[in-house]
1. From the set of residues in the range 30-42 that are surrounded by 11 or more Cβ atoms within 10 Å (Cβ to Cβ) and out of contact with any helix residue (DSSP H, G or I) (no Cβ under 7 Å at 6 or more places or on another chain), which is farthest from GLU19 (Cα to Cα)?
2. Please enumerate the residues belonging to the range 43-81 that are surrounded by 10 or more Cβ atoms within 10 Å (Cβ to Cβ), more than 23 Å from THR18 (Cβ to Cβ) and at pLDDT below 75.
3. Scan the range 2-17 for residues that are part of a loop (DSSP other than H, G, I, E, B) and either open to solvent by less than 50 Å² (accessible area, probe 1.4 Å) or closer than 10 Å to LEU28 by Cβ (or both) and jot them down.
4. Find the residue count for the range 18-29, including only residues that are at pLDDT 75 or above and loosely packed, with under 10 Cβ neighbours inside 10 Å.
5. Restricting the first residue to the range 25-40 and requiring it to be touching a residue at least 12 places away in the same chain (Cβ under 8 Å) and farther than 21 Å from LEU5 by Cα, which pairs with a second residue that is assigned to a helix (DSSP H, G or I) and not basic (Lys, Arg) meet a Cβ separation below 8 Å and a spacing of at least six or different chains?
Amino acid sequence: MMSQLVERPVRPLLVSITEPDNNTIQNLSDINFYIFTDGVTVNGTDISSRISTTSVMELILYQYVEDYGGRDFHFQRQLES
């Protein structure tokens, strides 16, 4: 899906949240947020903290809604009068 977005005539800004290693999503993104956490596994279950990731995602979403959502949430930029 990201490859198709990159090939569009009007290319959207692509943001990724990923671990710091070389991957396709990271290479296609304009902005990369890297998550640095210690991996904690207990009995084969990953219990690493996701709180920092959730906070960043909320900030991005709220800013997007503020910039593009207005009251109707159709996510189209409002033209200034």
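1. Taking the range 30-42 first, the residues surrounded by 11 or more Cβ atoms within 10 Å (Cβ to Cβ) are 30, 32-35, 37.
Add one more test, that the residue is out of contact with any helix residue (DSSP H, G or I) (no Cβ under 7 Å at 6 or more places or on another chain), and what stays is 30, 34, 37.
On the way: ASP30: 15, TYR34: 5, THR37: 9 Å.
The extreme case among them is ASP30.
2. Hits for the range 43-81 are TYR68, GLY69, GLY70, PHE75, GLN76, GLN78.
3. If we filter the range 2-17 for residues that are part of a loop (DSSP other than H, G, I, E, B), which is where we start, we get 7-14.
If the condition is that a residue be part of a loop (DSSP other than H, G, I, E, B) and either open to solvent by less than 50 Å² (accessible area, probe 1.4 Å) or closer than 10 Å to LEU28 by Cβ (or both), then PRO12, LEU14 are the ones that fit.
4. 1
5. Final answer for the pair search is ILE35/SER52; ILE35/THR53; THR37/SER52.
The values are calculated or read from the model by the stated rules, or taken from the named source; none is laboratory data. What you are looking at is a predicted structure, and each value in this text was computed from that prediction instead of being measured. For neighbour counting, all protein chains shown are included, and Cβ atoms are generated from backbone atoms with ideal geometry for every residue, glycine included. In case anyone asks, the SASA skips ligands and DNA or RNA and just uses the protein heavy atoms, side chains included. Shrake-Rupley method; radii C 1.70, N 1.55, O 1.52, S 1.80 Å.
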